[in-house]
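Visitor: Please see the structure below; I have some questions.
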């Protein structure tokens with residue numbers, strides 16, 4: 001009986017282990033969460049992402065309530081973009097010259113303070129749109145400096161071969177917040193009013209400070225610059241032009257977002273193509289939710305992503321899939337098909353983002369990661385906003401469906417051209433060797 005019992009126990013243990021391996025190849029790879037410092041950073045990201053999504057709804061709602069016109073709502077995009085363009089680059093340079101933990105503490109405190117000020121303005125019913133726009137711009141300034149430091153920190157907290165799973169974890173959290181935040185905001189607005197949205201964001205940002213305080217010190221490593229002036233920023237761009245793999249990752253993202261992000265046409269398409277009433281309705285909600293839903297669902301079953309080492313191939317194919325999905329979306333007038341195609345595009349975009357982020361963390365030295373992440377923030381923020389302008393003009397001149405489908409075709413064409421012009425990116429492979437976080441730089445695999 002004893003031998004038989006041991007055999008049964010070993011058999012169950014073997015089946016359990018096999019099931020665990022199977023699940024890890026299908027569902028979200030959680031191995032980076034075994035590292036306490038990264039786990040704390042990730043948990044703080046969950047809290048702040050949902051809170052930030054509430055403010056994303058609150059700011060335009062407050063501006064429209066105060067002014068009664070969408071013109072001021074459109075200004076919020078400009079007031080948010082300019083700090084990202086300027087301070088995203090400078091913030092990346094700063095992140096390479098100082099202790100990143102201290103920088104995160106300062107900027108997170110600034111984010112929480114501006115959320116408190118926005119809450120006070122809303123609670124006091126201050127009717128000046130310029131006050132709201134100014135505080136929003138200040139908040140985006142803190143975010144522009146915080147984001148490169150936060151992203152550049154990841155490679156110091158986990159082994160390099162876990163960068164892709166870590167990026168998948170972060171991307172899934174971001175898309176979850178993009179879905180849940182607006183849904184929560186819509187529910188809370190009717191029950192508690194606008195000021196509570198800012199208050200929740202302020203509390204979330206304050207709680208995130210605890211996780212940052214618990215991070216280890218992250219001082220600059222050997223070879224890091226000593227100042228964060230204009231020369232340091234220029235050195236970052238020079239570094240980018242000399243490293244074709246990094247340059248290609250940015251080029252492909254610009255192609256995907258500038259030519260293939262059709263969100264500026266969603267309101268018109270919802271009404272004229274999918275039958276929404278004037279002012280928006282169910283179709284508009286589904287169009288805006290479809291891309292993050294696709295990204296979130298893929299993120300949940302992204303355990304297999306880290307097994308594919310040819311990250312350059314992965315990014316290229318994902319951008320091509322995004323372009324094809326946009327073409328299909330532009331050609332349909334059936335809502336459920338439109339949502340399906342956008343969701344497929346969202347899943348492809350998540351794959352591209354995971355691999356691009358992993359390439360950026362692994363292929364850049366630690367002394368350059370902050371500046372590269374600064375460029376990343378600028379590209380990610382600026383691409384879709386430029387797309388809004390191009391698609392708006394294209395939709396007015398050519399019609400919405402032609403503009404969307406044509407943009408998707410351009411994504412496919414330019415992606416193929418870029419892949420042919422930069423073959424080193426296609427050949428790039430992720431580092432596979434075990435490395436101690438923050439100690440060993442990755443080897444390049446062109």
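Visitor: Is it the case that some residue within region 108-124 is farther than 23 Å from residue 88 by Cα, at pLDDT below 90 and assigned to a loop (DSSP other than H, G, I, E, B)?
Guide: The answer is no, given that none of the residues of region 108-124 is farther than 23 Å from residue 88 by Cα, at pLDDT below 90 and assigned to a loop (DSSP other than H, G, I, E, B).
Visitor: I've got another one for you. Please verify whether residue 417 is touching a helix residue (DSSP H, G or I) at 6+ places or on another chain (Cβ under 6 Å), modelled with pLDDT of 90 or more and either more than 24 Å from residue 329 (Cα to Cα) or assigned by TED's automatic domain parsing to the domain that holds residue 239 (or both), treating the condition exactly as stated.
Guide: Details: touching a helix residue (DSSP H, G or I) at 6+ places or on another chain (Cβ under 6 Å): no; modelled with pLDDT of 90 or more: yes; either more than 24 Å from residue 329 (Cα to Cα) or assigned by TED's automatic domain parsing to the domain that holds residue 239 (or both): yes.
It is false that residue 417 is touching a helix residue (DSSP H, G or I) at 6+ places or on another chain (Cβ under 6 Å), modelled with pLDDT of 90 or more and either more than 24 Å from residue 329 (Cα to Cα) or assigned by TED's automatic domain parsing to the domain that holds residue 239 (or both).
Conditions tested, residue by residue: (1) over 30 Å from residue 351 (Cα atoms); (2) assigned by TED's automatic domain parsing to the domain that holds residue 45; (3) in contact (Cβ under 8 Å) with a residue 12 or more places away in the chain.
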{"site": "89", "(1), (2), (3)": "no, yes, yes"}
{"site": "117", "(1), (2), (3)": "yes, yes, yes"}
{"site": "126", "(1), (2), (3)": "yes, yes, no"}
{"site": "155", "(1), (2), (3)": "no, yes, yes"}
{"site": "159", "(1), (2), (3)": "no, yes, yes"}
{"site": "165", "(1), (2), (3)": "no, yes, yes"}
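Visitor: Right, something else. So which pairs qualify, if the first residue must be in region 39-52 and under 21 Å from residue 118 (Cα atoms), the second must be surrounded by fewer than 20 Cβ atoms within 10 Å (Cβ to Cβ), the Cβ gap must be under 7 Å, and the two must be at least 6 apart or on different chains?
Guide: From residues that are under 21 Å from residue 118 (Cα atoms), the pairs are 47/207; 50/180.
Visitor: Here's a follow-up. Quick one: which helices (runs of 4 or more DSSP H) lie wholly within region 139-257 and hold at least 2 residues that are at pLDDT below 75?
Guide: Numbers: elements: 163-191, 195-213, 230-242.
In region 139-257, the matching helices (runs of 4 or more DSSP H) lie at 163-191, 230-242.
Visitor: Considering region 265-284 alone, what residues qualify as being surrounded by 19 or more Cβ atoms within 10 Å (Cβ to Cβ), at pLDDT 80 or above and assigned to a loop (DSSP other than H, G, I, E, B)?
Guide: Scanning region 265-284 gives 273, 274.
Visitor: Restricting attention to region 347-367, and to residues there that are outside any loop (DSSP other than H, G, I, E, B) and either modelled with pLDDT under 70 or not assigned by TED's automatic domain parsing to the domain that holds residue 250 (or both), which single residue is nearest to residue 252 (Cα to Cα)? Lay out the reasoning, then the answer.
Guide: Here is the first cut: in region 347-367, the residues outside any loop (DSSP other than H, G, I, E, B) are 347-363, 366-367.
Filter again for either modelled with pLDDT under 70 or not assigned by TED's automatic domain parsing to the domain that holds residue 250 (or both), leaving 363, 366-367.
On the way: 363: 16, 366: 23, 367: 24 Å.
Filtering first and then ranking leaves 363.
Visitor: Okay, next question. Within region 287-329, take every residue that is farther than 27 Å from residue 423 by Cα and at pLDDT 95 or above and give me the one that is surrounded by the most Cβ atoms within 10 Å (Cβ to Cβ).
Guide: Let us first name the residues in region 287-329 that are farther than 27 Å from residue 423 by Cα, namely 287-301, 303, 328-329.
Checking the rest, the ones that are also at pLDDT 95 or above come to 328-329.
Details: 328: 19, 329: 27.
Per the stated criteria, the residue is 329.
Visitor: With respect to residue 104, is the statement that it is closer than 24 Å to residue 239 by Cβ, surrounded by 17 or more Cβ atoms within 10 Å (Cβ to Cβ) and either at pLDDT 75 or above or touching a helix residue (DSSP H, G or I) at 6+ places or on another chain (Cβ under 7 Å) (or both) true? Write out each step before concluding.
Guide: On the way: closer than 24 Å to residue 239 by Cβ: yes; surrounded by 17 or more Cβ atoms within 10 Å (Cβ to Cβ): yes; either at pLDDT 75 or above or touching a helix residue (DSSP H, G or I) at 6+ places or on another chain (Cβ under 7 Å) (or both): yes.
Criteria met by residue 104.
The values are calculated or read from the model by the stated rules, or taken from the named source; none is laboratory data. Computed from a prediction, not measured in an experiment: that's the story for all the values here. Ideal geometry is used to build each Cβ from the backbone, glycine not excepted, and the neighbour counts take in all protein chains shown.
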